[in-house]
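What follows draws every value from the coordinates through simple rules; no lab data is involved. Just so you know, these numbers come straight off a predicted model, no measurement behind them. Because the Cβ atoms are built from the backbone with ideal geometry, glycine has one as well, and the counts that use them run over all protein chains shown.
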Amino acid sequence: MLFRHITPISPEDATGPVAAVYRQVDTEFSSIGPAVRMLSPAPELLAPCWALLRESLVAGTVPRWRKEIVTVSVSQRNDCAYDTAGHLMFLRLAGGEGAAAALERREEPAGEDLAALARWARSGGPLPFPTEETPEYLGTALALHFINRMVLVLLNEKLLPGAMSEDAPAAFDGAPIARAIHRERTDGDSLSLLDDVPTAGIPGWAGTSAVGPAYAALRRAAELGSGLLSEPAQAVVRETISRHRRSALDGNRAWLAPLDPVDRAGATLAVLAGIAPGRITEIDVETWRAGGYTDHCLLHLLAFGAITAVGHVESELFGAVSHPG
């Protein structure tokens, strides 16, 4: 079983917006993997999540291998084994063998500039790159923080990247994905996949890049999940994620105490998606879904918790950030 809690749309059955995203992913990556398919029941999340990853990591002018140092460092920070393994392979394919070997050993890459980049991706601090490169580096980091959280909830924990079955060996060398990693891309090509390209809420750090609208679109879609919760539950989710984002979350879930029992199942999923996604259990999901909620609803609720946490990471990595409009 590749997926947990949801049934994704297969490439063969995809139509409309999902098929459009799959076509571009197939062209750019030559592989529509589980981490893409997991969001397919909610096209409103699938398209901007892909757009953010594509415009920050895959396109742009910063060498891909340098950005893959960020993807690996973020995934290691979040204990996301699936994305760590996949992006270590991408880092090697992109030409960063030495950095990949060091990161795989949980060591800093050789060279202070690369070591500083890895430290920034894990912990924030001064930007270790020119200001004009911020959209690509920061966009990459935020995309991975969101994707890591969703992966930890929705993919089988034994799944390996590059495989379509549990415990199967990853296969990248010589595959189309290996050849495609060096292909040049045109900035902004993914924005046509969005229902509505945002003109407001673009973060200042994104400048005029396509990363800004992609991130704003993902944030807008993910925050729609808050509508599945009562206002008191929304407040508990935001406050708990803010308070515990860098500390241990108590296992007895005392943070649910202020809520009515009817609100606790949904708040549990959103909070855990933000700060402890690996702790979401089948019982947690089944308890909430007893209310008749669909895969589409579940993805939006998880995304609300994830994007709430990502907003705090954004501030850690870039300082106080305001979202105009």
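Amide H to amide H, with H built 1.01 Å from N, F3 comes under 5 Å of N156, counting only residues 5 or more places away or on other chains. Dipole magnitude for the range 250-292: about 60 debye, using +1 per Lys or Arg Cβ and -1 per Asp or Glu Cβ, origin at the Cα centre. Taking Lys and Arg as +1 and Asp and Glu as -1, the other residues whose beta-carbon sits under 9 Å from that of Q24 total -1. Rounded to the nearest whole Hz, the Karplus-based 3J(HN,Hα) values (6.51 cos²θ - 1.76 cosθ + 1.60, θ = phi - 60°) of the range 91-96 follow the sequence 4, 5, 5, 7, x, x, with x at glycine and proline. Note on the chain: dipole from Cβ charges, positive end direction compared against T71, V211, A257; the farthest Cα belongs to A257.
For the chain, the longest principal axis of the C-alpha atoms and the axis of helix 211-223 are separated by about 20°.
Counting neighbouring Cβ atoms within 10 Å and putting the fewest first, the residues M1, M38, M150 line up as M1, M150, M38. Put a plus charge on the Cβ of each Lys and Arg, a minus charge on the Cβ of each Asp and Glu, and nothing anywhere else: the dipole of the range 16-221 about its Cα centre is then about 180 debye. The HN-Hα couplings worked out from phi for the range 227-240 by the Karplus form 6.51 cos²θ - 1.76 cosθ + 1.60 (θ = phi - 60°) are x, 7, 10, 5, 4, x, 5, 4, 5, 5, 4, 5, 5, 5 Hz, whole numbers, x standing for Gly and Pro. About the centre of its Cα atoms, the range 278-317 shows a dipole size close to 80 debye [charges on the beta carbon of Lys, Arg (+1) and Asp, Glu (-1) only; nearest 20 debye].
For the chain, the fraction of C-alpha pairs farther apart than 27 angstrom is 40 percent. Net charge in the neighbourhood of P48 (other residues with Cβ under 12 Å of its Cβ; Lys, Arg +1, Asp, Glu -1) is -2.
Taking θ as phi - 60° and the Karplus parameters 6.51, -1.76 and 1.60, the scalar couplings of the range 75-86 work out to 5, 5, 4, 8, 6, 9, 5, 4, 6, 4, 5, x Hz in sequence order, x denoting glycine and proline. When the square roots of the Cα gyration tensor eigenvalues are ordered a ≥ b ≥ c, the ratio a/c for the range 224-318 is 1.5 or more and a/b exceeds b/c, which makes its shape prolate. Here the peptides 80-89, 140-149 are ranked by packing, the mean other Cβ count within 10 Å, and the order with the highest first is 140-149, 80-89.
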